[in-house]
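Heads up, the thing below is written out as C-alpha cells.
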Amino acid sequence: MTAVFFPYPDEALDHLASLDDELAHAVRVIGRVERTMEPDPFRSLMKHIVGQQISTKAQEAVWARVTARVGTVTPEAVAALPEEELRACGMSLKKADWMRAIAVKVASGETDLEALRRAPDAEVVAALTAFAGVGLWTAEMLMIFSYGRPDVLSIGDFGVRHGVRVVYGREMTTKELRELKTRVSPWGSVASIIFWAAASGRFDLRRPDRSESAEG
C-alpha cells in the first residue's frame with residue numbers, strides 16, 4: 001500500500017519560523033518532516049487506543065499481533081473477536097473492552113467516523129471523547145494522522161512537551177503551552193510534527209550563538 005503523508009505547505013514552516021528565534025532555529029535545522037498518516041479513521045483509532053500510555057515500540061509490537069490475529073482491521077472483524085483474543089495480543093482488559101465497544105458502534109452504523117472527517121474540530125473531539133477509553137490525546141492523534149487537520153498542537157502529548165523543552169531549553173508551564181498553541185495557529189499540527197522531531201534526538205539543536213555567549 002502506498003504511504004500517505006501528512007499534507008502541509010511550505011508556508012506553514014515559514015509561519016512557525018517567523019514566531020521566535022528558537023522555533024526559527026528548529027525549523028531551519030529540522031526542515032520538512034514527512035509523517036505517515038493512516039487514512040482509515042477506524043484503524044487509526046484502534047491503533048491509538050493500543051498506544052495509550054505505552055512506548056511507540058511497545059505499541060508497534062502489540063499492533064502487529066492485533067493485525068496478525070484480526071487480518072484486515074475493520075469494525076466487523078474487531079467486533080467479532082472475543083475480548084480474550086484481543087487481550088492475548090498484549091493489551092489490558094480495559095483496552096480490549098474499549099476497542100470492541102467502539103467496533104460494535106461503528107459496525108452498526110451508530111457512529112460514522114467518515115462523516116466526522118467533514119465536521120468542525122470541536123465536534124470531532126466531542127464525538128470521539130464520548131467513547132469510553134478515548135480522551136483528548138487520542139482524539140487529537142486521530143485528527144492529525146487520519147483526518148489531516150492542520151491546527152492540532154497536542155500540548156498534553158509527552159513527545160510534544162519534550163520537544164518544546166528541547167527547542168526552548170526549558171520546561172514550559174501549562175499557561176505558556178496554551179499561549180504557544182495560540183501562536184502556532186493555524187499550523188498547530190505542523191508544530192507538533194516539528195516538536196516530535198526535536199524530541200527524537202536525531203537533530204542537533206544546540207545554538208552556537210548561545211554557547212559563545214555562555215562562555216563569555
Practice item. With respect to residue 3, determine if the residue is more than 19 Å from residue 136 (Cα to Cα) and either assigned by TED's automatic domain parsing to the domain that holds residue 96 or surrounded by fewer than 18 Cβ atoms within 10 Å (Cβ to Cβ) (or both). Key: yes
**Study point:** Enumerated helices (runs of 4 or more DSSP H) restricted to the range 1-84, each holding at least 2 residues that are acidic (Asp, Glu)
**Key:** 10-17, 21-30
Check your understanding: Any residue at all in the range 179-190 that is more than 30 Å from residue 82 (Cβ to Cβ), in the same structural domain as residue 49 (by TED's automatic domain parsing), surrounded by 17 or more Cβ atoms within 10 Å (Cβ to Cβ) and under 17 Å from the mean Cα position of the chain (by Cα)?
Key -> no
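Condition (residue is part of a helix (DSSP H, G or I) and not assigned by TED's automatic domain parsing to the domain that holds residue 129) applied to the range 87-98: is it met by at least one residue?
Going through the range 87-98, the residues part of a helix (DSSP H, G or I) turn out to be 87, 93-98.
Next, from what is left, pick out any that are not assigned by TED's automatic domain parsing to the domain that holds residue 129: none.
Among the residues of the range 87-98, not one is part of a helix (DSSP H, G or I) and not assigned by TED's automatic domain parsing to the domain that holds residue 129, which makes the answer no.
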Check your understanding: Would you call residue 150 modelled with pLDDT of 95 or more, under 23 Å from residue 17 (Cβ atoms) and of a type outside the set (Lys, Arg)?
Key -> yes
Review point. Conditions: (1) over 16 Å from residue 56 (Cβ atoms); (2) in a loop (DSSP other than H, G, I, E, B). Residue 201 meets all but one. Number of the miss?
Key: (1)
Study note, to complete from the structure: Sole miss for residue 30 among (1) in contact (Cβ under 8 Å) with a residue 24 or more places away in the chain; (2) outside the structural domain of residue 200 (by TED's automatic domain parsing) is condition (2)
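The values are calculated or read from the model by the stated rules, or taken from the named source; none is laboratory data. Computed from a predicted structure; not experimentally measured. Heads up, the Cβs are rebuilt from the backbone with ideal geometry, glycines too, and the neighbour counts pull from every protein chain shown.
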